[in-house]
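Written below as structure tokens is the structure these notes are about.
The values are calculated or read from the model by the stated rules, or taken from the named source; none is laboratory data. In this text the structure is predicted, and so the values were computed from the model without any measurement. Because the Cβ atoms are built from the backbone with ideal geometry, glycine has one as well, and the counts that use them run over all protein chains shown. Heads up: the accessible areas ignore ligands, DNA and RNA and are worked out on the full protein's heavy atoms, side chains in. Shrake-Rupley method; radii C 1.70, N 1.55, O 1.52, S 1.80 Å.
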Amino acid sequence: MMLDAADFAAVRLTLELATVVTLLLLAIGTPVAWWLARTRSRLRHAVGAVVALPLVLPPTVIGFYLLLLLGPNGPVGKLTEALGIGLLPFSFGGLVLASVCYSLPFVVQPLQNAFEAIGTRPLEVAATLRASPWDTFWSVAVPLARPGFLSGAVLGFAHTVGEFGVVLMIGGNIPDKTRVVSVQIYDHVEALEYAQAHWLAGGMLVFSFLVLLALYTFYPQAMKGRRR
């Protein structure tokens, strides 16, 4: 095998990053998607547009503004320094924050579609049985929206694994700390080490294909919202 210790370290870091980010995306994206699916507020479309911005913005634009926010002169950077956390750019925490921002629509949109597909009838029936909104959400909405949770989790994880521009701008290229697989492939190509780049790139290609194949094969209903 042509992979060395640095390659395996990049793979390990990428999987750790994707796992943490996916959990955070589900925790953050679920209430956002529920609100977007149920609200009649005039702010609904504005909030939906903000959530979907990473779908159309270049990663470098997102990375640039995150650097300004998280840097020593940015409001978030000043806050993290005051709290004793330190600056987030060029750290694993910075990668997590940037990845959550960049992959948020890939989780929110499938969840929103799943919540909207439930309709009002099941929720009204639960209300007539004196179920509280909290019980209705966890006992009715979440089980019925399971395909959306599955689709969002898979897409969020896979998208985080494949990130390049945002993680490079926020995390840089620090071995064992911020160098993920996509950056490692870039390093190999820049050094004309095409054999190593082939191993990593081919692994990502096979991984992405198998994940989507399994999702389409075993849970085709989870991808219906993505085809709308």
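Some points to look at:
- Candidates 107, 76, 61, filtered to the one that is modelled with pLDDT of 95 or more, surrounded by 14 or more Cβ atoms within 10 Å (Cβ to Cβ) and among the β-branched types (Val, Ile, Thr): 107
- The residue pairs whose first member lies in segment 132-160 and is under 25 Å from residue 54 (Cβ atoms), whose second member is basic (Lys, Arg), and whose beta carbons are closer than 7 Å, counting only pairs six or more residues apart or on different chains, are 151/226.
- Reported count of residues in segment 1-36, each being over 22 Å from residue 171 (Cβ atoms), part of a helix (DSSP H, G or I) and open to solvent by 80 Å² or more (accessible area, probe 1.4 Å), is 1.
- Condition met for residue 133 (at pLDDT below 90 and within 21 Å of residue 18 (Cβ to Cβ)): no
- Qualifying residue in segment 115-130 (condition: among the basic types (Lys, Arg), surrounded by fewer than 17 Cβ atoms within 10 Å (Cβ to Cβ) and over 26 Å from residue 51 (Cα atoms)): yes
- Pairs where the first residue, in segment 99-126, is over 12 Å from residue 144 (Cα atoms) and the second is surrounded by fewer than 24 Cβ atoms within 10 Å (Cβ to Cβ) and of a type in the set (Asp, Glu), C-beta under 9 Å, 6+ apart: 126/135
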